[in-house]
Amino acid sequence: MLNTNTLHNMLNIVISLSGLLVAILLASGCTQLATGTLECSQSSISPKITAYAIAGLGALKLVVNIGRDGLSGLIKRQPPIQK
């Protein structure tokens, strides 16, 4: 079973790679408008899927942080790194 630190780091990696989802949307036919929004009428993939995935992963990471360190752990000072 994964410990919370491993899960936390895996979520960090997946969230970082979520930019890849945007690249896939662009490759599948979406275009980026001058306003920065994606126009995907020519794509078979909805950008809503990407938005939900990124939001869900971020929320899951927050839940893991709260479960691991408690609500006050979100703002507490971190201990220094020991060598």
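The values are calculated or read from the model by the stated rules, or taken from the named source; none is laboratory data. Quick caveat, the model's predicted, so the values are computed rather than measured. Note that each Cβ is placed from the backbone with ideal geometry, even for glycine, and that neighbours are counted across all protein chains shown. All accessible areas refer to the heavy atoms of the entire protein, side chains included, with ligands and DNA or RNA removed. Shrake-Rupley method; radii C 1.70, N 1.55, O 1.52, S 1.80 Å.
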Assess whether Leu20 counts as being of a type in the set (A, V, I, L, M), within 20 Å of the chain's Cα centre (by Cα), closer than 26 Å to Thr4 by Cβ and outside any loop (DSSP other than H, G, I, E, B). yes
Of these, Gly29, Gly73, which one is modelled with pLDDT under 80 and not hydroxyl-bearing (Ser, Thr, Tyr)? Gly73
Any idea which of (1) open to solvent by 50 Å² or more (accessible area, probe 1.4 Å); (2) in a helix (DSSP H, G or I) is the one Leu25 doesn't satisfy? (1)
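Please determine, by comparing only the residues of region 49-83 that are part of a loop (DSSP other than H, G, I, E, B) and charged (D, E, K, R), which one is most open to solvent (accessible area, probe 1.4 Å).
Filtering region 49-83 down to residues part of a loop (DSSP other than H, G, I, E, B) leaves 70, 75-83.
Applying the additional criterion that residues be charged (D, E, K, R) yields 76-77, 83.
Working: Lys76: 111, Arg77: 216, Lys83: 242 Å².
So the residue we want is Lys83.
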When you scan region 33-48, do you find a residue that is open to solvent by less than 40 Å² (accessible area, probe 1.4 Å) and part of a helix (DSSP H, G or I), even just one? no
